[in-house]
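Working notes for the structure below.
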Amino acid sequence: MNYIDYLVIISYIIGFLFLGRLFKENKDSKDYFLGGKSFGWFPLSLSTIATQLSAISFISAPAFVGLKEGGGMMWLTYEFAVPLAMLFLMVFLIPPMYKAGIVSVYAYLEKRFSTSTRLLVSGVFQISRAFATSVMIYTVALILTSVMDIPMWQTIVIIGVVTLIYSYQGGMKAVVYGDMIQMVILFAGIIICLIAGINALGGWSEFIANIDRPRLEAVNFSSMGMEKGDEFGFWPMLIGGFFLYVSYYGTDQSQVQRLFSAKDLGTVKKTLLFNGLLRFPITFIYCLMGLVIGTLVMTQSSFSAAIPADKPDLMIPIFIRDYLPHGVIGILMVAIFSAAMSSLSSAINSLSAATIEDFFNRKNDLPNEKYMAYSKYAALFWGVVCIVLAFFTGDIAKTVIEAINKVGSVFYGPIIATFIAAVAIRKVNATGANVGLLSGVLVNVYLWLFVPEVFWFWWNAVGAVVTLTVALIVSMIFSSPENEATSLMKTEGDEIDWKMVALLIFYFILIVVISMNVPSIF
């Protein structure tokens, strides 16, 4: 890197500090945490996708596809359940929660069940999200340090402090509009790497001639995820993925807070539709980038020698460093910074929202002045926590990242089952919900510790089924006066858009067919 690259990075940082000041006027909680409920579907969609198009998507996923042992285009199977999950959220789960007028999604659990249910689920979210975010910061800093001439601690501080300042000042407006900019930069970075990789190979024909054909296999109908090392099968990725994505997009505060920021329910549905349609093409493009650059690694010994055998994730950063011109290197480093900052800004805002709403303002009795002050203190607190934890992640980061994915799957199924019961199943009471939630989590922990041959994607489905079953049984045994439940059925003014439903179902079939035919496409 030279002065041109550093100038690009510094300009980017200054721009985002200015962004925070641009949106610093926030009058109340709806302004700070929900952007005044003024967002249309386009900025919300780009913001949601930007959070998903993380540094892992830009760096680790292409390395899995193009270089890691046992990897390949099977990464596409992560996307199979997304359209069906968006359909479920659009038609069933999100409308009643949006109409409840809440800031924290966990407030809905207290309305329906009890305070303990709300605090339990919110607490789990806050601890796991802070830890996962700190690992993400550490991982990105480690990668950036390998190609930039600055110490790792400075990289962590730059990512953390800049994101904290603009998130602290601007609230949700700064997060959403910042994500939009970061999304554009990151996608441009993917396209630049893809084109540069093809040129370095000598053209598309050379890529096709040298590609590792086994890596093109994407869909495996025979793998059921019931044996050790037996992963990425069609059915576990579809069924487990459905529960995972419904829970993540519909009950995780970092995601659902964006939906609550929409100006109306129609905007919410369009946001979910757009997310369901756009994720697969973006994933396909960065997987193709991984194939191209992985092929370049196999054909050029100098490139292969530059990548440590135990660190395949350095494939993309080293490619950027060694194959791209100055100025463009700066833009690509900014793209990686963007991915990290997008995830961190979302985490800071959602963590502070959950903290204030669930632990300090459950009764909605905080005066507005105190509410805004506490909200900013909470944002500052969680930003510092994530930054500090990143310094202590250390060399266990690689193991922790895998562990975090598993931890998420321990809880996602039981949590979504609890929300489904809250929205739709009148017979489930607070006692049943709490016992069911704990039972689902315990069963998943048992699978993790004692049945390692079961692929962790299955835990999302198993936990949900166990939670609902136990909740119903316990509610019948310990019956109590029914809580008032919001019906899952269509309510007045909430018409189902069957065109959207048909489009998402058709799209699900289309992406499966495309993935099955990847070997013939190339």
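No lab work stands behind these numbers, since they all come straight from the coordinates. Nothing here was measured: the structure is a model prediction, and the numbers come from that model. Note that we place each Cβ from the backbone using ideal geometry, even for glycine, and neighbour counts take in every protein chain shown.
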The chain - charge dipole about Cα centre, Lys and Arg +1 at Cβ, Asp and Glu -1, debye rounded to 20: 1040 debye
Table column - 3J(HN,Hα) (Hz), segment 74-91, Karplus curve with 6.51, -1.76, 1.60, x for Gly and Pro: 4, 4, 4, 5, 4, 8, 4, 7, 4, x, 5, 5, 4, 4, 4, 5, 5, 8
Lys/Arg +1, Asp/Glu -1 at C-beta; the chain dipole; positive extreme among L314, V175, G71: V175
Stretchable slack from T115 to A209, in nm (0.36 nm times residue separation minus alpha-carbon distance): 27.7 nm
Amide hydrogen neighbours beyond the local backbone of F39, cut-off 5 Å, H modeled: K263
Nearest-ten-degree value, helix 430-450 long axis tilted from longest Cα axis of the chain: 30 degrees
Where only C-alpha atoms are counted, convex hull volume of segment 236-335 per residue in Å³: 163 Å³
The chain: angle of helix 457-477 to the longest principal axis, Cα-based, in degrees nearest 10: 0 degrees
Spin-label pair V451/F391, simplified geometry with 7 Å Cα→Cβ offset, distance in nm: 4.3 nm
Pairwise label distance in nanometres, V513 with M298, each label 7 Å out on the Cα-Cβ vector: 2.9 nm
C-alpha long axis of helix 241-251 to longest principal axis of the chain, angle in °: 60 degrees
Note, ³J(HN,Hα) from phi for segment 208-215, Karplus 6.51, -1.76, 1.60, rounded to Hz, x at Gly and Pro: 4, 5, 10, 5, 7, 4, x, 6
For the chain, fraction of C-alpha pairs farther apart than 29 Å, in %: 51 percent
Estimated distance in nm for a label pair at A100 and M224, the labels positioned 7 Å out from Cα along Cα-to-Cβ: 3.7 nm
Positive dipole terminus of the chain, leading residue within A305, H326, W153 (C-beta point charges): W153
Unsatisfied cross-links (Cα-Cα over 21 Å) in the set K99/K499; K99/K406; K269/K406; K99/K270; K263/K363: K99/K499; K99/K406; K269/K406; K263/K363
Net lengthening on full extension, S146/I10 (0.36 nm per residue, minus Cα-Cα): 47.1 nm
